[in-house]
Amino acid sequence: MKKLSLQILSLLLVFAFLMAGCAKEETPAPGEPPDVGEGPLGPLSLQYATWTYDLEKVQSNQEKYEEWVASQVDPACDVTVERTEFGFGDFDTSITTTFTGGDTFDVMYSSDHWLAKWAAAGWIIPVEDHFPQVRDYSGDMLPFALEAMTYNGKIYALPYATSVLYFVYNQDILDAAGIDAPPTTWAEVSDQATKILNAGAADVGILLGLKASSWFEEYLFSMIFSEGGSMINDDLEAVFDTDSGPVYDVISWMASAVEDGIMPVSALEMTAIDVQEAFKQDNVAFVIVPNYMLAEFAEEELSAVAGHYDIAMMPGSTHGTNAYTRLYVMGSGALEDAATKQCAWNYFEFLGGKTTVDGVSDYHVAKRWAVANGVAFGPISLWDDPEVIDRFSKVADFDTQRAQDALASSKEGMSAPWYAEWISFVRTEVQKAVLGDISPEQALENIKQQWEALAAE
């Protein structure tokens with residue numbers, strides 16, 4: 001009997017030991033700091049999903065993280081990053097396939113127009129629930145970037161890059177037509193473009209990328225915001241008038257620009273990349289492009305407009321514009337265990353936040369993209385960095401860039417589950433109005449009804 005009791009006691013002790021070991025691997029509840037014990041953590045691997053832009057720098061940043069987190073962070077992480085790459089055009093589809101198939105990533109690229117879908121599906125985590133210190137970045141983010149980082153009031157992301165739509169003009173063409181200053185309203189754009197064409201100073205007055213693709217809405221919202229307009233409010237209600245107001249005026253202006261010949265009908269088959277290439281040929285007076293495209297305009301070996309173009313504030317009553325934000329997010333795979341969660345957070349913050357690396361505290365990765373590649377950013381404080389000022393001053397007037405970014409907003413309605421279906425409908429209806437197949441009023445009636453029908457489903 002005594003022997004049996006000792007056997008039972010031994011089994012109970014073994015069971016208790018095993019349970020304690022299992023408990024150690026549990027991920028702490030949201031809001032609680034991970035119980036990672038004493039470092040170094042690992043060895044472990046992080047699954048990282050990126051698209052294919054400048055993979056040499058992506059690899060370099062990745063290697064620096066592995067070195068930094070192993071030697072300059074407490075607790076240290078013995079971690080290897082395993083990167084998977086997808087093309088940008090297939091990225092959302094690839095992430096969707098991965099997670100619906102039962103696999104995960106720990107850290108990923110994302111974009112403002114995918115964030116709501118991924119968050120609602122549970123593929124990415126509300127970072128502030130697990131690392132509340134991420135909210136400390138809120139005060140140093142451009143408003144549109146902070147909005148892009150947020151879903152249902154919680155921060156899910158840090159910015160990888162931002163792009164603001166800029167109004168660009170060819171100074172030599174304006175000079176040739178006797179125009180002293182770039183336009184400040186859309187009526188002035190029409191007047192100046194007409195004068196330029198009549199003077200033979202250029203073949204094209206203005207180009208917009210109005211192909212029915214994802215570039216279309218970047219142009220549409222930039223012009224709507226320039227007039228203080230709004231299509232969808234924070235309660236996901238369609239709030240635009242269909243027969244007057246800023247949205248109506250913008251679509252009417254586009255239609256008139258084609259009818260009057262200052263914008264060719266071919267603009268409806270052009271993306272921003274096509275607009276960029278056309279402007280580089282030195283025969284277009286005005287374009288709207290995302291800010292990163294200015295870098296090629298400034299290169300003499302790539303562009304015939306190098307040295308005689310600049311940007312102006314977006315024409316319109318408010319000079320507002322549209323912006324989009326690419327993001328870093330933490331995937332649900334990061335919650336596998338406490339060590340993975342901590343090391344994934346370290347990588348997430350290393351990429352998108354401010355960290356102390358080799359004794360220097362900075363937004364190291366964002367600054368590197370900015371200085372080396374001319375990629376814009378979310379943190380406001382980087383606008384005061386001397387190296388950033390020098391780099392961005394080489395492509396356009398620096399003060400105008402900073403002022404325009406401060407007036408940028410994110411596209412409206414992106415948090416609605418039906419946004420993708422609706423915006424595809426918007427593209428075709430506005431194109432019909434621009435071509436004169438239907439009136440702007442009818443297009444907006446159809447667009448509003450479509451939003452309300454999708455919202456009611």
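The values are calculated or read from the model by the stated rules, or taken from the named source; none is laboratory data. A quick note: this is a predicted structure, and the numbers were derived from the prediction, not measured. Please note: Cβ atoms are built from the backbone with ideal geometry, for glycine as well, and neighbour counts cover all protein chains shown.
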Just to be sure, is residue 289 of a type in the set (A, V, I, L, M), within 22 Å of the chain's Cα centre (by Cα) and over 22 Å from residue 383 (Cβ atoms)?
-> no
Given the stretch 291-395, what strands (runs of 3 or more DSSP E) lie entirely inside it while holding 3 or more residues that are in the same structural domain as residue 100 (by TED's automatic domain parsing), in contact with a strand residue (DSSP E or B) (Cβ under 9 Å, 6 or more places away or on another chain) and closer than 26 Å to residue 150 by Cβ?
-> 321-330
Kindly provide the set of residues from the stretch 211-228 that are in contact with an Asp or Glu (Cβ under 8 Å, 6 or more places away or on another chain) and buried (at least 24 other Cβ atoms within 10 Å of the Cβ), ordered by number.
-> 221
May I ask you to verify whether residue 299 is closer than 25 Å to residue 115 by Cβ and surrounded by fewer than 22 Cβ atoms within 10 Å (Cβ to Cβ)?
-> no
Residue, nearest to residue 296 (Cα to Cα), within the stretch 272-286, restricted to residues that are assigned to a loop (DSSP other than H, G, I, E, B) and out of contact with any strand residue (DSSP E or B) (no Cβ under 8 Å at 6 or more places or on another chain) | 280
Residue list for the stretch 122-168, filter: among the small types (Gly, Ala, Ser), assigned to a helix (DSSP H, G or I), surrounded by fewer than 18 Cβ atoms within 10 Å (Cβ to Cβ) and in contact (Cβ under 8 Å) with a residue 12 or more places away in the chain | 138
From the list 266, 222, 332, 226, which one is farther than 25 Å from residue 141 by Cβ and either at pLDDT 95 or above or of a type outside the set (Asp, Glu) (or both)?
-> 266
Could you count how many residues in the stretch 85-106 are within 23 Å of residue 59 (Cα to Cα) and not in a loop (DSSP other than H, G, I, E, B)?
-> 9
Filtering the stretch 425-454 down to residues that are out of contact with any helix residue (DSSP H, G or I) (no Cβ under 9 Å at 6 or more places or on another chain) and buried (at least 16 other Cβ atoms within 10 Å of the Cβ) yields 448
